[in-house]
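Student: Handing you this structure, nothing more for now.
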Amino acid sequence: MATTVRKPEAQRSETATAAIRPPVTLRLRPAIDLTPDLLLDLSRLNPELRFELTAEGELIVMSPSGWESGHQNAGITALLWLWADRDGTGAVSDSSTLFELPNKAVRSSDAAWVTNARLAAIPTEQRRKQLPLCPDFVIELRSPTDRLPALQDKMREYMDNGARLGWLIDPDHKRVYVYHPEIPVQQLDNPETLSADPVLTGFVLDLRKVW
């Protein structure tokens, strides 16, 4: 009987790949009513995972992203941050930030922007936790394990809860879905750039750096 011996490097690669799994949704109510503060505590206790809470009280558990998705997301967030630093009218957050939406869902986007005026209305102590608002602008970057319908539902939820602009970026298909409140979704195939005007005046994302 033939025996296959895997090199340690190959074993480590397979283990790392197996650790990147699709999100899992856990139904908690009525057994457990998870509050936003408890969700934040859960996130701090399990920094290797990402958690979200739906408006129905379901817990969504997500594994870390792979290197390629993480690299793409870091670049997008950095470009948004550089623009916001020059513009001065708002602030940027990354994928680890939680937002408590008006419908009581607690979500995190891969990148988000909120105006300074809205941030100023939130007490400093609360800003150290999840923000009780929906971002003005959100970006979701689809990873290989993400289901497109679930992300599309999430983008519509942002729009329904006060976001003024949203981009769902699908790198594998070089496709972008642009969301505005009360306007049909716009699908762009293989665009070179994306403009956020007039919500974020002057912010243009060069997608050639993402693809």
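Student: What whole-number distance in Å separates the alpha-carbon centres of the stretch 135-182 and the stretch 108-129?
Tutor: Using only Cα atoms, the two centres lie 20 Å from each other.
Student: Report the gain in length on full extension from Leu28 to Trp67: 0.36 nm times residue separation, minus Cα-Cα distance, nm rounded to one decimal.
Tutor: This chain segment gains 10.9 nm when fully extended.
Student: Mind jotting down the three principal axis lengths of the stretch 31-98 based on Cα atoms? Whole angstrom, largest first.
Tutor: 47, 30, 21
Student: Using Cα pairs under 8 angstrom and six or more residues apart, how large is the relative contact order of the stretch 65-209, in percent?
Tutor: Once divided by the residue count of the stretch 65-209, the mean separation gives 16 percent.
Student: As a footprinting exposure proxy, order Glu68, Glu140, Glu100 by other Cβ within 10 Å, with the fewest listed first.
Tutor: Glu68, Glu100, Glu140
Student: Obtain the nm distance between the two label points defined at Glu58 and His173 by a simple spin-label model: each point lies 7 Å from its Cα along the Cα-to-C-beta direction.
Tutor: 2.1 nm
Student: Right, another one. For n ≥ 4 DSSP H runs only, could you compute -39500 (n - 2.57) per run for the chain, divide by its residues and tell me the 222 nm figure to the nearest 500?
Tutor: The helix-only estimate for the chain comes to -9500 deg cm²/dmol at 222 nm.
Student: Work out, in µm²/s and without decimals, the Stokes-Einstein translational diffusion coefficient of the stretch 65-209 at 25 °C, 0.890 mPa s, Rh from Kirkwood over C-alpha pairs.
Tutor: It diffuses with D of about 159 µm²/s by this estimate.
Student: In the Gaussian network model of the chain, springs joining C-alpha atoms below 10 Å, which of Gln130, Gln186, Gln152 carries the largest mean-square fluctuation?
Tutor: Its mean-square fluctuation being the largest, the pick is Gln186.
Student: Quickly work out the Thr115-to-Lys129 label distance, labels modelled 7 Å from Cα along the C-beta direction, and quote it in nm with one decimal.
Tutor: Distance between the two pseudo-spin positions: 2.5 nm.
Student: Can you work out ³J(HN,Hα) from phi for every residue in the stretch 133-147, in order, using Karplus 6.51 cos²θ - 1.76 cosθ + 1.60 and θ = phi - 60°, giving whole Hz and x for Gly and Pro?
Tutor: Whole-Hz 3J(HN,Hα) from phi for the stretch 133-147: 6, 9, x, 5, 9, 10, 10, 10, 10, 6, 9, x, 8, 7, 7.
Student: Let me ask something additional. Can you put Glu125, Glu56, Glu157 in order, fewest other beta carbons within 10 Å first? The partial results should precede the final answer.
Tutor: Values: Glu125 7, Glu56 12, Glu157 18.
Fewest-to-most ranking of Glu125, Glu56, Glu157: Glu125, Glu56, Glu157.
Student: Set the Förster distance to 45 Å, then compute FRET efficiency between Ser195 and Arg21 from the Cβ-Cβ distance, nearest 0.05.
Tutor: That pair, Ser195 with Arg21, gives E of 0.80.
Student: Report the number of Lys pairs in the chain whose alpha-carbons are under 30 Å apart, with separation of 8 or more residues or on distinct chains.
Tutor: Summing the qualifying lysine pairs gives 6.
Student: Now, a different point. How many nm is it between the label spots at Arg147 and Val185, if each spot is 7 Å from the Cα in line with the beta carbon?
Tutor: If labels sit at Arg147 and Val185, their model points lie 1.4 nm apart.
Student: Would you be so kind as to identify which of Leu119, Phe51, Ile139 lies farthest towards the positive end of the dipole of the chain, taking Lys and Arg as +1 and Asp and Glu as -1 on Cβ and the Cα centre as origin?
Tutor: In the chain, that residue is Phe51.
Student: Would you mind calculating the gained length between Asp41 and Ala91 on full extension (0.36 nm times residue separation, minus the Cα-Cα distance), in nm to one decimal? Kindly include the intermediate steps, with their values, before the conclusion.
Tutor: Numbers: separation 50, 0.36 × 50 = 18.00 nm, distance 2.40 nm.
Computed gain between Asp41 and Ala91 is 15.6 nm.
Read the figures in this text as sums done on the coordinates, not as results from a lab. Given the structure is predicted, the values throughout are model-derived calculations rather than measurements. Every residue, glycine among them, receives a Cβ derived from its backbone with ideal geometry; neighbour counts consider all protein chains shown.
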